[in-house]
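Notes for the one structure printed next.
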Amino acid sequence: MSLPTINQDYFVDFLVKLLNIPSPTGFAEPAIAFVEKELSQFK
């Protein structure tokens, strides 16, 4: 079984957006909400 291909452009864009969200210790809600929104499109 082979691994699925990874869309590198999407992944880099996702990480750049995620890493640009201010999320100091104890205040990660905006980052979590962003990840939830992005992952919800893969249902």
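Tabulated data for the structure shown
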{"quantity": "For V16, V35, order by how many other beta-carbon atoms lie within 10 Å, fewest first", "calculated": "V16, V35"}
{"quantity": "Degrees between helix 29-40 axis and first principal axis of the chain (Cα, 0 to 90, nearest 10)", "calculated": "20 degrees"}
{"quantity": "FRET E, pair K43, T5, Förster distance 22 Å, beta-carbon r, rounded to 0.05", "calculated": "0.65"}
{"quantity": "Value of [θ]222 nm, deg cm²/dmol, for the chain, DSSP H segments ≥ 4, -39500 (n - 2.57) each, nearest 500", "calculated": "-17500 deg cm²/dmol"}
{"quantity": "Cα-based Rg of the chain normalised by 2.2 N^0.38 Å, two decimals", "calculated": "1.39"}
{"quantity": "Helix 8-19 vs. the chain, principal-axis angle (Cα, 0 to 90°, nearest 10)", "calculated": "10 degrees"}
{"quantity": "Gain in span if fully extended, V12 to I32, counting 0.36 nm per residue against the direct Cα distance", "calculated": "5.5 nm"}
{"quantity": "Selection of chymotrypsin sites (Phe, Trp or Tyr not before Pro), the chain, meeting DSSP coil and at most 13 other Cβ within 10 Å", "calculated": "F27, F42"}
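Read-outs: derived from the displayed coordinates by stated rules, not from any lab. Model, not experiment: these values are computed from the prediction. Ideal geometry is used to build each Cβ from the backbone, glycine not excepted, and the neighbour counts take in all protein chains shown.
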